[in-house]
1. Name the residues in segment 70-84 that are in a loop (DSSP other than H, G, I, E, B) and buried (at least 20 other Cβ atoms within 10 Å of the Cβ), would you?
2. For segment 102-133, which positions are of a type outside the set (Gly, Ala, Ser) and touching a strand residue (DSSP E or B) at 6+ places or on another chain (Cβ under 6 Å)?
3. Which one is modelled with the lowest pLDDT among residues in segment 18-32 that are within 15 Å of the ligand (Cβ to nearest atom) and at negative phi?
4. Anything in segment 166-194 that is of a type in the set (Lys, Arg) and surrounded by 17 or more Cβ atoms within 10 Å (Cβ to Cβ)? List them, or say none.
5. Output the residue which, of all residues in segment 117-144 that are of a type in the set (Asp, Glu) and over 17 Å from residue 34 (Cβ atoms), is nearest to the ligand (Cβ to nearest atom).
6. Please specify each residue of segment 33-65 satisfying the condition of being among the charged types (D, E, K, R), more than 10 Å from the ligand (Cβ to nearest atom) and not in a strand (DSSP E or B).
Amino acid sequence: MAADVQLSLLGRTPGFPAAVPLVGTPHRGASDLGALARAVEECGRCGLRAGATHVVPGEGNPAARLMLVGEGPGQQEDLTGRPFVGPAGQLLERMLAAIGLKREEVFIANVVKCRPPGNRVPADEEAAACLPYVLARIELVNPEVVMLLGATATRALAGKNLAITKVRGQWFERAGRMYLPTYHPAALLRDPSKKREAWEDLKKVRDYLGLPG
Ligand code: SF4
């Protein structure tokens, strides 16, 4: 592994939050996922809320062993209030099925909970404003593995200067939890040649969790 992408340094990954900020953050007092979802629903910490039809807080198994973090809601997610329900979500479900998991067995979330206009990439300030919710969600679900889907999730949770093309498929550990950056399903739809690498990443998760082959 190249020195600039050594991600297994416990608690010292460049750009990774030093600790989940439990004080002074919008999820303070959120004792469970429902309370966290309500805090997100009432949120106006960044300008994305004004253009959103629905806030998309994330959904899934509250005790999932695997959590997936994507970028943000698209048009169909904004209309339904559910994450990954469009074509990328359908591909994600097929990817999960390939390692023996159903959608409802994992927890699915995004870095930002409100749709960026025109599906643009969230600005760093927007991702930073929403990041405490993601961190709180990870703490509450307490998964063994978090897959970071694409560049925005990797930048937000692994380090803002890390390129997904360089770090995908490389585990890093934080506070006893394993993280694995991989491509976003939407990127796989745009460039199917990336699916082989994505499958390699999925197999790593399958093997780490001891799922049947
Ligand atoms: S994107 Fe996140 S931080 Fe911004 S308003 Fe929506 S819930 Fe709040």
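The values are calculated or read from the model by the stated rules, or taken from the named source; none is laboratory data. This one's a predicted model, so the numbers in the text were calculated from it and none came from an experiment. Methodologically, a virtual Cβ is constructed for each residue, glycine included, from the backbone with ideal geometry; neighbour enumeration extends over all protein chains shown.
1. Residues satisfying the conditions are 71, 72, 73, 74, 83, 84.
2. Taking segment 102-133 first, the residues of a type outside the set (Gly, Ala, Ser) are 102-108, 110-117, 119-122, 124-126, 130-133.
106, 107, 108, 110, listed by residue number.
3. Filtering first and then ranking leaves 21.
4. First pass over segment 166-194, keeping only residues of a type in the set (Lys, Arg): 166, 168, 174, 177, 190, 194.
Matches in segment 166-194: 168, 174, 194.
5. Our first condition is that a residue be of a type in the set (Asp, Glu); within segment 117-144, this holds for 124-126, 139, 144.
Still in the running and over 17 Å from residue 34 (Cβ atoms): 124-126, 144.
Numbers: 124: 13, 125: 9, 126: 6, 144: 26 Å.
My answer is 126.
6. 38, 65
Matching residues to (1) at pLDDT below 95; (2) part of a loop (DSSP other than H, G, I, E, B); (3) within 16 Å of the ligand (Cβ to nearest atom); (4) touching a Pro at 6+ places or on another chain (Cβ under 6 Å):
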| residue | (1), (2), (3), (4) |
| --- | --- |
| 101 | no, yes, no, no |
| 104 | no, no, no, no |
| 114 | no, yes, yes, no |
| 146 | no, no, no, no |
| 159 | yes, yes, no, yes |
| 165 | yes, no, no, no |
